[in-house]
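No value in this document is a laboratory result; all are computed from the given coordinates. These figures come from a predicted structure and were not determined experimentally. Note that we place each Cβ from the backbone using ideal geometry, even for glycine, and neighbour counts take in every protein chain shown.
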Amino acid sequence: MHAPPSPLGWALLPRKKEHHPITWPILSHEENTLIHEILEHFYVQPSASQTREALHVLFSAHCEQNAVELDEEQRAYLETTLFHHALGAGPLTPLLQDAQLEEIAITGIGETHPVRVFAVGKGWVETPLCFTDEQTAIHLMNRLALGSGKRLSASTPTLNAQIEGNYRLHASIHPVCPSRLGAGIRQ
């Protein structure tokens, strides 16, 4: 079984009994596409205008222009998902909010490299989350490290930073990391 394709650069693998019990919003193909389209428009704006309010305005305008009808519950979870992807920790958000987790590890790209977590009392456990695109993961690491003034790039292939929420972020990319990407976030 394979994860369904996602234009967001990450996917959820079929759930296994031994996966860590975190719930991500399961988006339909149409919802996934809507989020992706809005993010494409959002990221071309200058950084200074990439705010939550600008994201809300863009979301509302996109839905109105494309005659997308959403009920209040759907609008709320799509806006929250959109905010997490555009300005937050993206698919890592539920993991960062789980007090039972001490560390999050990304050891590569693709279905063979699901995100793993170190859970209190359980040790290392896989999640159904995997990154399907290296650039998406690198962009997320750089967004998380934004306040530290540090950046992951070809010229600086390692990143060690204190990030929001009093977490430590360690990330490396090729050629330092043989699997093309490795990252860890710990409290």
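Figures for the structure shown
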{"read-out": "Helix 52-65 axis, angle to the chain major axis (alpha carbon atoms, nearest 10°)", "value": "50 degrees"}
{"read-out": "Percentage relative contact order, the chain, counting C-alpha pairs under 8 Å, at least six apart", "value": "21 percent"}
{"read-out": "Which label in [x] 48, 47, 28; [y] 71, 31, 26; [z] 46, 40, 28 gives the computed Cα extents along the principal axes in Å", "value": "[z]"}
{"read-out": "Cα-based helix-to-principal-axis angle, 72-87 vs the chain, degrees rounded to 10", "value": "50 degrees"}
{"read-out": "Aspartates and glutamates with Cα under 15 Å of residue 16, excluding same-chain neighbours fewer than 8 positions away", "value": "111, 126"}
{"read-out": "Simple spin-label estimate for residue 134 and residue 170 in nanometres, 7 Å along Cα-Cβ", "value": "2.2 nm"}
{"read-out": "Label-to-label distance, nm, for residues given as residue 153 and residue 48 (7 Å Cα→Cβ offset)", "value": "2.1 nm"}
{"read-out": "Relative contact order of the range 44-137, defined on C-alpha pairs under 8 angstrom at six or more residues apart (%)", "value": "16 percent"}
{"read-out": "Inter-label distance for residue 76 and residue 29, nm, one decimal - labels placed 7 Å from Cα along Cα-to-Cβ", "value": "2.9 nm"}
{"read-out": "Length gained when the stretch residue 111-residue 37 is fully extended (0.36 nm per residue, less Cα-Cα span)", "value": "24.2 nm"}
